[in-house]
Amino acid sequence: MDIMDSLYGFFGTSDVKIVAADILVAVVLAVSITYLVLEVLRIISEYTRKEELVEETIENAPVAESLPEKVEVISPPEKPVVSIRPVIEVLKGTLQESTKAIVDKYELESLTIASYDGLPITSTAGTPDEEAAIYTNKYNEIKKTQNSYFFIEEENIHLYEFESGSSKLVGVAKKKGKMSPEEIKGLKEDTKKIIDNFATVNKKSTI
């Protein structure tokens with residue numbers, strides 16, 4: 001009777017079945033709480049272990065080499081400055097004016113055009129007869145081993161040959177330094193242009 005009273009006082013009933021059910025519920029609840037606590041502890045343990053691994057990875061990571069204080073910047077090579085020669089029409093009113101136009105166009109000190117035997121046809125030089133005689137003679141000597149252009153560097157004289165009609169003529173251009181292939185080609189063409197033009201004019205005037 002004392003046991004039944006005690007059960008009643010604790011569970012509020014003396015029915016054995018109800019008491020057994022209450023005890024079972026209490027046991028299940030205790031087990032669930034215990035499982036939940038263990039699961040929380042497991043999660044905390046795994047999280048802590050992951051943090052330790054991350055810290056260890058960061059500590060063991062190779063340290064990047066420090067960049068040099070000064071970095072040399074290599075600039076691209078500068079493009080060569082191309083000299084654009086002004087367009088100058090070399091054909092003027094007279095042969096002398098046209099010769100002067102060629103001198104201006106190619107920045108020459110002087111220009112003499114002579115026949116193969118040394119006679120000056122047109123010139124801007126101070127002594128055209130002398131230049132024509134001397135340099136046509138030199139050109140004829142050089143021509144044995146050279147092409148139709150030759151530069152006498154010590155005298156700054158450019159000698160070149162061109163044809164006008166059936167005649168071979170020699171150009172004597174005075175200019176410091178070498179001339180480019182384009183300049184030489186242009187000089188020959190312009191010289192031939194003015195000689196051909198005035199040779200034609202003279203023929204017409206004599207008819």
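Assorted remarks:
- Options Tyr139, Tyr160, Tyr106, Tyr135: the member that is surrounded by 15 or more Cβ atoms within 10 Å (Cβ to Cβ) and in contact (Cβ under 8 Å) with a residue 40 or more places away in the chain: Tyr106
- Options Lys168, Lys144; residue that is of a type in the set (Lys, Arg) and assigned to a strand (DSSP E or B): Lys168
- Members of segment 112-160 found to be of a type in the set (Val, Ile, Thr) and within 22 Å of Ser98 (Cβ to Cβ), listed by number: Thr112, Ile113, Ile121, Thr122, Thr124, Thr127, Thr136, Ile157
- Scanning segment 109-124 for residues that are free of Cβ contacts under 8 Å to residues at least 60 places away in the same chain, buried (at least 19 other Cβ atoms within 10 Å of the Cβ) and not polar (S, T, N, Q) yields Ala114, Pro120.
This table checks each residue for (1) at pLDDT 80 or above; (2) closer than 30 Å to Tyr160 by Cα; (3) part of a strand (DSSP E or B); (4) outside the structural domain of Glu130 (by TED's automatic domain parsing).
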{"residue": "Ile23", "(1), (2), (3), (4)": "no, no, no, yes"}
{"residue": "Ile43", "(1), (2), (3), (4)": "yes, no, no, yes"}
{"residue": "Tyr47", "(1), (2), (3), (4)": "no, no, no, yes"}
{"residue": "Leu53", "(1), (2), (3), (4)": "no, no, no, yes"}
{"residue": "Glu56", "(1), (2), (3), (4)": "no, no, no, yes"}
{"residue": "Glu69", "(1), (2), (3), (4)": "no, no, no, yes"}
{"residue": "Glu78", "(1), (2), (3), (4)": "no, no, no, yes"}
{"residue": "Glu89", "(1), (2), (3), (4)": "yes, yes, no, yes"}
{"residue": "Ile113", "(1), (2), (3), (4)": "yes, yes, yes, no"}
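- Checklist (1) surrounded by 13 or more Cβ atoms within 10 Å (Cβ to Cβ); (2) touching a helix residue (DSSP H, G or I) at 6+ places or on another chain (Cβ under 7 Å) applied to Glu183, failing item: (2)
- Test: residue in segment 13-20 that is among the small types (Gly, Ala, Ser), at pLDDT 75 or above, over 30 Å from Lys185 (Cβ atoms) and not in a loop (DSSP other than H, G, I, E, B): no
- In summary, Lys176 fulfils each of the numbered conditions (1) outside any helix (DSSP H, G or I); (2) surrounded by 19 or more Cβ atoms within 10 Å (Cβ to Cβ); (3) in contact (Cβ under 8 Å) with a residue 60 or more places away in the chain with the single exception of condition (2).
- Filtered by the rule that a residue be part of a helix (DSSP H, G or I) and of a type in the set (Gly, Ala, Ser), segment 92-111 gives Ser98, Ala101.
The values are calculated or read from the model by the stated rules, or taken from the named source; none is laboratory data. Just so it is clear, the structure is predicted and the values come from calculations on it, not from any experiment. Counting neighbours? That spans all protein chains shown, and the Cβs are built from the backbone with ideal geometry, glycine included.
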